[in-house]
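First the structure, in the form of structure tokens, and then the observations on it.
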Amino acid sequence: MSLVSEHHERRELGPVGQLLMKGDDAAGVLLTIKSRLPQTGRIVVNLSSWYVEPSCRWFAPRMLQMASSNEDEIFTDLTPSPEACKLNERLGFATVTDCTLFYPLPFAALRPASARLRPPGEIKPEILSAEMRDMLEDHARLGCIVAVMEAENRHYPLVFLKTTTKRLPSARLIHCEDRQVAQRHISAIARHLLGHGRLALTMAAMGAERKAGGLAAHKSAPIQVKGAWNPRFINEAYSELVLLPP
């Protein structure tokens, strides 16, 4: 929780959660981890780690409804249970990805590469906004692998969270403007991550994208979003995955 509190305080994002009160006692809690999209400044609220005492479970839907009611904000649930998925849908959430793709990097690296990954410090100042550089620097300090991919005449900032998958040192793609671009240039990404000691890559996707060279690591791993959202955008930056490590 210290990382969450520090992040909220430094970015002036307000309280880190909400309490459900029963008289003078707390009967429920919901973490609301906030961040600002570097592209637009719009606030994203990652709903995480909610609990309500059994005697007050009837009020849980109302608590979530109130927590996700601000139309100026975007709300995400990165790890919803099947029951939470159904509740979220009633509250206006949409499922934007439904599985996790798994890429063995030594094999992916054998393909021809037409893109290049470089450290953010090598990119000209006018290419990346100050807000984007701040986001990349924050995640580098948090132990993530950050890079900028030059591909298809554009620059794509990328953030990878260091993880372990199937007992292999791996990385999860947690920020990318368009995951389909990342899938098209998986060989360049693979070579970069192998240089950082990672042997596998995972990313959120739709099941139909398995043909993009990945293997389904999980049968079901939905991510749900409420608010305006590019369905190909991967944004798990400043989320529970980063700020509340296992």
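The values are calculated or read from the model by the stated rules, or taken from the named source; none is laboratory data. Bear in mind the structure is a predicted one, so any value in this text is a computation, not a measurement. All Cβ positions, even for glycine, are placed from backbone atoms using ideal geometry, and neighbour counts span all protein chains on display. Just the protein is used for accessible areas: all its heavy atoms, side chains included, with ligands, DNA and RNA removed. Shrake-Rupley method; radii C 1.70, N 1.55, O 1.52, S 1.80 Å.
Here are some notes:
- Looking only at residues in the range 192-213 that are under 18 Å from S114 (Cα atoms), open to solvent by 10 Å² or more (accessible area, probe 1.4 Å) and in contact with a strand residue (DSSP E or B) (Cβ under 8 Å, 6 or more places away or on another chain), the one that is modelled with the highest pLDDT is H192.
- Taking the range 39-69 as the range and being at pLDDT 95 or above and either more than 14 Å from the chain's Cα centre (by Cα) or surrounded by fewer than 19 Cβ atoms within 10 Å (Cβ to Cβ) (or both) as the test, the residues that pass are R42, I43.
- Which numbered condition F75 misses (of (1) aromatic (F, W, Y); (2) farther than 20 Å from T95 by Cα; (3) in contact (Cβ under 8 Å) with a residue 24 or more places away in the chain): (2)
Let's see how each residue does on (1) in a loop (DSSP other than H, G, I, E, B); (2) at pLDDT 95 or above:
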position	(1), (2)
C85	no, no
T95	no, yes
T100	no, no
Y103	no, no
P112	yes, no
A140	no, yes
V146	no, yes
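- Subset tally (residues that are open to solvent by 50 Å² or more (accessible area, probe 1.4 Å) and in contact with a strand residue (DSSP E or B) (Cβ under 8 Å, 6 or more places away or on another chain)) for the range 141-157: 1
- Qualifying positions in the range 2-55 - at positive phi and without any contact (Cβ under 8 Å) to a residue 12 or more places away in the chain: E12, G23
- Checked against the criteria, K166 counts as at pLDDT below 95 and open to solvent by 60 Å² or more (accessible area, probe 1.4 Å).
- Enumeration of residues in the range 169-199 that are aliphatic (A, V, I, L, M) and assigned to a loop (DSSP other than H, G, I, E, B): L199
- 2 or more residues in contact with a Cys (Cβ under 8 Å, 6 or more places away or on another chain): qualifying strands (runs of 3 or more DSSP E) within the range 1-81: 17-22, 25-36
- Any hit, the range 23-32, residues being touching a Lys or Arg at 6+ places or on another chain (Cβ under 7 Å) and crowded, with 18+ Cβ neighbours inside 10 Å: no
- Consider the range 214-228 and keep the residues that are in a strand (DSSP E or B) and at pLDDT below 95. The one that is farthest from I74 (Cα to Cα) is L215.
- Screening P246 against (1) open to solvent by less than 30 Å² (accessible area, probe 1.4 Å); (2) within 29 Å of S2 (Cβ to Cβ); (3) modelled with pLDDT under 95 leaves a single unmet condition, (1).
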